Amino acid sequence: MRHPNKGRATLLHFVKGLLVLSQAGLFLLSWMVYYRYQASYSFYFWGYCAIAALYLAMYTAFAQLYGGFHTTVSRTGEIAYSLGIAAVLTDGMFYCILCLLSYKLVNPVPLVVLMAANVLLSTMWAWVAVRLTDWLYPPLDTYLIYENEDAYISTQGLRELTWKFRIVREIRLEQEMEIDGSLLYGAEAVILCGLPSSTRNTLLKMCVARDLPAYIRPKIGDLLLSGANRVHLAGLPFLYTQAAQPSIWYRAAKRGMDIAFSSVFLVLLSPLFALIALAVKLDDGGPVFYRQRRLTIHGREFEILKFRSMRTDAEKDGVARLSTGDRDDRVTRVGHILRKCRLDELPQLWNILRGEMSIVGPRPERPEIAAQYEAVISEFRLRLQVKAGLTGYAQVYGKYNTDSYDKLEMDLMYIARQSIVQDIALMFATVKTLFLSESTEGVAEGQTTASRVADEKEKFTRV
């Protein structure tokens with residue numbers, strides 16, 4: 001197969017380094033031209049170096065978090081958007097630092113000019129970097145190996161990644177089919193999905209032996225094992241796993257972060273709360289808030305609080321159903337705006353302060369809809385090992401209408417590796433999703449959940 005040599009990787013890293021240095025240089029220029037005169041005391045050479053280094057580190061962290069450097073899996077628009085968000089957040093944080101150093105609110109106009117320059121540079125860099133990456137790493141001749149039709153259908157989106165994969169062969173394995181080295185002859189990459197564990201393990205070992213990159217669609221068991229500890233018993237290696245039991249230190253830190261976050265933002269956003277409440281009331285005269293039973297840790301029920309975005313008779317037939325997005329005539333005029341910007345979720349800060357939810361965790365489901373999911377996916381209750389969250393792994397990397405099984409897998413990825421660092425990263429990563437329309441898309445017309453139960457039951461019992 002073709003191996004991406006170190007020279008190609010080094011060149012790409014060099015190009016990424018140029019972007020980071022250029023962004024830091026733009027900030028340092030704005031500092032030298034204007035903001036250094038606003039500070040209450042003077043900086044010298046090493047002080048300027050420290051400021052530039054801090055900006056560089058912060059921008060790099062945000063760019064990495066939002067996938068701004070992932071030129072092999074994203075295209076120009078998404079990369080430019082990610083880098084733009086990183087630049088705006090970094091500039092905004094440094095503006096706050098400048099105000100603290102100056103003991104006053106400094107003129108934000110130079111900052112706005114800096115942000116515009118950052119975004120323009122990000123867009124230009126994304127255009128160049130994507131084309132350079134495509135030249136350095138041409139698409140690999142890829143074999144797609146699967147067992148059942150449902151697994152095959154789930155990979156349709158991979159065909160859109162034409163810059164990364166060129167699926168030249170699709171192999172549906174039958175039970176009587178012999179698996180040997182000739183199966184992978186000519187492949188430069190392999191995608192494995194919907195295969196029995198024994199078959200998949202055989203193919204995986206063959207890929208490792210041939211140094212073939214393998215992309216594996218995980219199963220629930222794989223995700224449960226991803227957080228396992230390695231132990232040795234009687235001279236034998238074991239993987240030890242159990243239900244999620246985070247340390248008392250993590251739980252204390254997480255709860256402290258929840259209280260601090262919800263308290264601060266309930267105060268800071270109180271004027272916005274008042275404006276939204278007035279808009280909802282003036283729209284149709286109904287109640288401002290909407291309460292609904294949801295599930296949190298260990299299946300406990302609580303009443304979630306939201307700004308009302310639907311008509312008061314939205315479920316007059318008594319059937320619990322998800323929204324179909326812009327097509328849903330139950331959503332009010334103000335409700336459409338609130339949902340687009342996620343503003344209807346803000347009252348959940350009160351649920352977080354009360355301890356019913358956390359900032360980060362699986363999104364809380366309604367008992368009726370959770371029961372429908374569990375009828376199809378028996379493992380769905382595994383997501384209730386932790387407290388429900390305002391945002392989470394599935395919200396950052398999935399969409400509103402992402403398949404229920406895929407969301408479950410994402411939630412289990414989070415649960416398997418809980419940490420404060422991951423929580424903070426997901427909080428910042430949520431910013432990127434706020435302005436993406438796909439993150440609030442509705443389900444198909446006539447669906448009550450994000451899972452097409454009738455069509456999926458066989459799929460989930462076989463996979």
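Suppose the filter is at pLDDT 90 or above and farther than 26 Å from GLN242 by Cβ; does MET410 pass it?
no
Considering only residues that are surrounded by 14 or more Cβ atoms within 10 Å (Cβ to Cβ), modelled with pLDDT of 95 or more and small (Gly, Ala, Ser), which ones fall in the stretch 255-282? Listed by number, the list holds a single entry, SER262. Among the numbered criteria (1) surrounded by 15 or more Cβ atoms within 10 Å (Cβ to Cβ); (2) of a type in the set (Gly, Ala, Ser); (3) within 17 Å of LEU121 (Cβ to Cβ); (4) within 19 Å of the chain's Cα centre (by Cα), which single criterion is violated by GLY77? GLY77 satisfies all of (1) surrounded by 15 or more Cβ atoms within 10 Å (Cβ to Cβ); (2) of a type in the set (Gly, Ala, Ser); (3) within 17 Å of LEU121 (Cβ to Cβ); (4) within 19 Å of the chain's Cα centre (by Cα) except (1).
Inside the stretch 161-180, can you point out the residues that are open to solvent by less than 40 Å² (accessible area, probe 1.4 Å) and either among the aromatic types (Phe, Trp, Tyr) or more than 19 Å from LEU204 (Cβ to Cβ) (or both)? Across the stretch 161-180, the qualifying residue is only PHE165. Please verify whether the stretch 351-360 includes one or more residues that are within 28 Å of PHE273 (Cβ to Cβ), open to solvent by 10 Å² or more (accessible area, probe 1.4 Å), assigned to a helix (DSSP H, G or I) and in contact with a helix residue (DSSP H, G or I) (Cβ under 7 Å, 6 or more places away or on another chain). Taking every residue of the stretch 351-360 in turn, at least one turns out to be within 28 Å of PHE273 (Cβ to Cβ), open to solvent by 10 Å² or more (accessible area, probe 1.4 Å), assigned to a helix (DSSP H, G or I) and in contact with a helix residue (DSSP H, G or I) (Cβ under 7 Å, 6 or more places away or on another chain). When ARG166 is tested against (1) in a helix (DSSP H, G or I); (2) closer than 22 Å to ALA9 by Cα, exactly one condition is not met: (1).
Matching residues to (1) open to solvent by 40 Å² or more (accessible area, probe 1.4 Å); (2) hydrophobic (A, V, I, L, M, F, W, C); (3) at positive phi:
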{"residue": "LEU212", "(1), (2), (3)": "no, yes, no"}
{"residue": "PRO218", "(1), (2), (3)": "no, no, no"}
{"residue": "GLN242", "(1), (2), (3)": "yes, no, no"}
{"residue": "ILE248", "(1), (2), (3)": "yes, yes, no"}
{"residue": "ALA253", "(1), (2), (3)": "yes, yes, no"}
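Does ILE216 satisfy the criteria of being modelled with pLDDT of 90 or more and touching a Leu at 6+ places or on another chain (Cβ under 8 Å)? When the stated conditions are applied, ILE216 passes them.
Look at (1) crowded, with 18+ Cβ neighbours inside 10 Å; (2) at pLDDT below 90 and you find that TYR48 fails only one, number (1).
Annotation: GLU374 fulfils all but one of (1) surrounded by fewer than 18 Cβ atoms within 10 Å (Cβ to Cβ); (2) in contact (Cβ under 8 Å) with a residue 24 or more places away in the chain; the unmet one is (2).
Restricting the search to the stretch 14-27, which residues are within 18 Å of LEU89 (Cβ to Cβ) and more than 27 Å from the chain's Cα centre (by Cα)? The answer is SER22, LEU26, PHE27. Taking the conditions exactly as written (touching a strand residue (DSSP E or B) at 6+ places or on another chain (Cβ under 7 Å) and either in contact (Cβ under 8 Å) with a residue 24 or more places away in the chain or closer than 30 Å to ARG166 by Cβ (or both)), does TYR137 satisfy them or not? Criteria not met by TYR137. For the subset of the stretch 1-45 comprising residues that are in a helix (DSSP H, G or I) and among the basic types (Lys, Arg), which member is modelled with the lowest pLDDT? My answer is LYS6. Annotation: MET124 fulfils all but one of (1) closer than 30 Å to TYR34 by Cβ; (2) among the hydrophobic types (A, V, I, L, M, F, W, C); (3) in contact (Cβ under 8 Å) with a residue 40 or more places away in the chain; the unmet one is (3). The condition of being within 14 Å of GLN23 (Cβ to Cβ), at pLDDT below 90 and of a type outside the set (Ser, Thr, Tyr) holds for only one of ALA53, ALA63, ALA86, that being ALA53. Restricting attention to the stretch 432-443, does a residue exist that is at pLDDT 70 or above, assigned to a helix (DSSP H, G or I) and surrounded by 14 or more Cβ atoms within 10 Å (Cβ to Cβ)? Checked against the condition, which is being at pLDDT 70 or above, assigned to a helix (DSSP H, G or I) and surrounded by 14 or more Cβ atoms within 10 Å (Cβ to Cβ), the stretch 432-443 yields at least one hit.
Yes or no: LEU158 under 24 Å from MET206 (Cβ atoms) and in a helix (DSSP H, G or I)? Spelling it out, LEU158 is indeed under 24 Å from MET206 (Cβ atoms) and in a helix (DSSP H, G or I).
The values are calculated or read from the model by the stated rules, or taken from the named source; none is laboratory data. All figures in this text were calculated on a predicted structure; none of them were measured in a lab. Heads up, the Cβs are rebuilt from the backbone with ideal geometry, glycines too, and the neighbour counts pull from every protein chain shown. For accessibility, only protein heavy atoms count, side chains too; no ligands or nucleic acids. Shrake-Rupley method; radii C 1.70, N 1.55, O 1.52, S 1.80 Å.
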